[in-house]
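The values are calculated or read from the model by the stated rules, or taken from the named source; none is laboratory data. Only a predicted model underlies this, so the values are computations on that prediction, with no experimental measurement involved. Please note: Cβ atoms are built from the backbone with ideal geometry, for glycine as well, and neighbour counts cover all protein chains shown. Protein only, heavy atoms only, side chains kept; ligands, DNA and RNA dropped before computing areas. Shrake-Rupley method; radii C 1.70, N 1.55, O 1.52, S 1.80 Å.
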Amino acid sequence: MEIAIKLSQFLLSLSILIILHELGHFIPAKLFKTRVEKFYLFFDIKYSLLKKKIGDTEYGIGWLPLGGYVKISGMIDESMDTEQMAAEPQPWEFRSKPAWQRLIIMLGGVTVNFILAFIIYIGMTFFYGEQYIANSEVKDGIWITNPVVEKAGLKTGDKLVSIDGEKVERFFESNEKLFLSKEIIVLRDGKEEKVHFPVNFIDQLMAGKKGSLIELRVPFVITEVPEDSHNKGVLKSRDIVTSFNGAPVKYADEVVAALDTLKGKTIPVLVKRDGQEVALSLKVNDKGKLGVVYAFRAPYSDLEKLGYYKISKQEYGFFESIPVGIDRGFTQLGNYGKQLKAIFNPKTGAYKGVGGFAAIFNIFPNTWSWEAFWSITALLSIMLGVMNLLPIPALDGGHVMFLLYEIISGRKPSDKFLERAQLVGFVLLISLLLFANGNDIYKAIFHK
């Protein structure tokens with residue numbers, strides 16, 4: 001059932017993005033009286049699942065869900081229709097239109113992608129508002145559970161002050177910023193200290209333990225006591241440890257740190273159970289474990305009820321949502337730009353983390369959430385827009401590059417040159433797809 005939910009979200013998101021992107025090409029083409037021969041959701045290699053011709057255009061759904069396309073008459077594209085290009089240009093063909101019209105047609109798809117992302121962010125701001133934990137609420141600092149992050153210089157208890165010169169205002173936003181950061185200023189033992197992540201930090205993260213970079217410090221809450229636990233019958237689910245070996249504890253990381261020094265011992269513990277404090281004696285095995293499962297993370301609402309953090313909530317009217325949503329869109333666009341920059345820098349090792357369709361599929365949650373769905377769709381729309389603008393022949397950005405050359409120089413590249421460039425771009429694009437999806441397969445086989 002979980003797979004079906006993920007697949008449904010994945011296909012719905014992909015369909016929305018493809019149809020709207022291709023509409024971005026289709027509408028200006030029609031406005032400029034350019035013939036559109038095909039409009040397809042998914043690729044129809046050899047055959048279509050569904051098709052219907054209306055006027056000059058065949059509308060259909062292909063069987064291969066790797067994208068979609070519009071086939072515009074007189075345009076050198078992935079169809080490589082050299083027979084049509086060898087004939088005399090017709091007034092309804094793409095190649096017969098002025099360069100500025102062709103430029104608008106080619107920029108239409110990515111323009112729609114960016115507009116869609118901003119509309120989604122505005123809508124989400126209006127319908128869901130914002131819920132967050134202010135960084136000022138993290139009074140006792142962060143929890144570092146990732147060895148790579150600890151090796152890079154951050155420690156449990158550090159209070160984040162700024163990341164690359166930008167003051168940290170909200171806690172979980174800092175996870176995204178840290179991923180590509182160069183300099184972090186933290187408050188440690190009352191003093192400000194600078195932490196510099198290495199250039200290959202992303203590479204180290206991918207090779208090491210998976211998980212977030214930083215966590216909120218949370219109480220040690222028992223979520224399960226397995227049947228074979230040596231503390232079975234003593235601890236119960238939802239017990240919260242408040243004192244450990246005679247010392248008061250507030251956070252789970254304090255308990256975890258103490259366990260390493262108490263191997264093989266029986267220790268006194270206080271737990272909060274049903275609102276009452278209960279004294280217990282617990283056994284620590286030779287591996288420094290209690291034999292229980294504890295909550296690594298806790299819902300915001302639970303943490304607020306326990307008095308650990310205050311949740312900030314902000315609701316917006318429709319017109320208030322517009323600047324907030326637009327700002328969120330530009331922030332995501334900037335973040336994705338930084339990620340691309342890291343990918344194209346071999347020293348970072350970020351290219352090893354490039355994923356294909358499986359990676360996109362796994363972004364979606366196992367349970368249906370419209371908020372998560374629209375958030376992911378907006379991000380994917382930005383990604384699709386940016387990727388299509390790359391100056392690679394066979395992508396929109398490649399066509400735009402040649403059209404800008406034509407407009408500036410006044411000389412149009414020959415059809416033969418464009419056909420060869422399209423072929424080179426197509427080979428490059430297939431290579432990138434193979435690399436990205438090959439990464440997915442490698443990770444699936446070797447669990448990396």
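Within a straight-line Cα-Cα reach of under 16 Å, Lys167 can be paired with the following aspartates and glutamates, leaving aside sequence neighbours fewer than 8 residues apart in one chain: Glu137, Asp158, Glu176, Glu183, Glu192, Glu193.
Of the accessible area of the chain, computed with a 1.4 Å probe over protein heavy atoms only, carbon and sulfur atoms account for 61 percent.
Each peptide among 394-404, 9-19, 361-371 gets the average number of other Cβ atoms lying within 10 Å of its residues, and from highest to lowest they stand as 394-404, 9-19, 361-371. Here's how it looks for Ser243: its modeled amide H is under 5 Å from those of Val249, Leu270, which are all 5 or more places away or on a different chain. Remark: spin-label model distance Arg170-Lys412 equals 4.9 nm, labels positioned 7 Å along the Cα→Cβ axis. Near the amide H of Ala394, within less than 5 Å, lie the amide hydrogens of His399, all on another chain or at least 5 residues away, with H placed in the peptide plane.
Say a paramagnetic label sat at a point 7 Å from the Cα of Ser136, along Cα to Cβ; which residues of region 169-195 have their backbone N under 15 Å from it? Hits in region 169-195 for Ser136 at 15 Å: 169-171. Students often forget the sequence filter, so: which aspartates and glutamates lie under 15 Å Cα-Cα from Lys52 once same-chain residues fewer than 8 apart are removed? Partners found: Glu37, Asp44.
Centroid-to-centroid, using Cα positions, region 243-320 and region 86-151 are 39 Å apart. Summed over the residues of the chain and divided among them, the accessible surface reaches 55 Å² per residue at a probe radius of 1.4 Å. Is region 12-129 best put as rounded, prolate or oblate by its Cα gyration tensor, with a ≥ b ≥ c the root eigenvalues, rounded for a/c under 1.5, and otherwise prolate when a/b is larger than b/c, oblate when not? Note, shape of region 12-129 comes out oblate.
Between Ile54 and Ser301, the FRET efficiency estimated from the beta carbon spacing at R0 = 56 angstrom works out to 0.60.
Only bridges whose two residues both fall in the chain count here: according to DSSP, what percent of them are antiparallel, nearest 5? Restricted to the chain, the bridges split so that about 90 percent are antiparallel.
Cβ-Cβ distance of Met206 and Ser96, R₀ of 51 Å, FRET efficiency by 1/(1 + (r/R0)^6): the value works out to about 0.55. Phi angles across region 39-46 convert, under the Karplus curve 6.51 cos²θ - 1.76 cosθ + 1.60 with θ = phi - 60°, into 3J(HN,Hα) values of 9, 10, 8, 6, 8, 10, 4, 6 Hz, Gly and Pro given as x.
Legend: helices of the chain (whole DSSP H runs) are marked when their alpha-carbon atoms reach 18 angstrom or more along the helix axis and their mean Kyte-Doolittle hydropathy is at least -0.5; marked are 2-31, 99-128, 318-343, 370-388, 396-409, 415-446. Under the combined filter of DSSP loop state and at most 16 neighbouring Cβ atoms within 10 Å, region 132-231 retains these GluC sites (Glu not before Pro): Glu169, Glu227. Just to be sure I understand, if you calculate mean projected area of the Cα convex hull in nm² for this structure, which of (1) 27.1; (2) 24.2; (3) 22.1 do you get? Step by step, mean projected area of the Cα convex hull in nm² for this structure corresponds to label (1).
To the nearest 10, the accessible area of Trp374 is 80 Å² with a 1.4 Å probe. Pairwise Cα distances in region 289-448 exceed 25 Å for 57 percent of all pairs. At a Cα cut-off below 16 Å, give the lysines reachable from Lys283, other chains included and same-chain residues fewer than 8 away excluded. Of all the lysines, those that pass the test against Lys283 - Cα under 16 Å, at least 8 places apart if same chain - are Lys232, Lys236, Lys263, Lys265.
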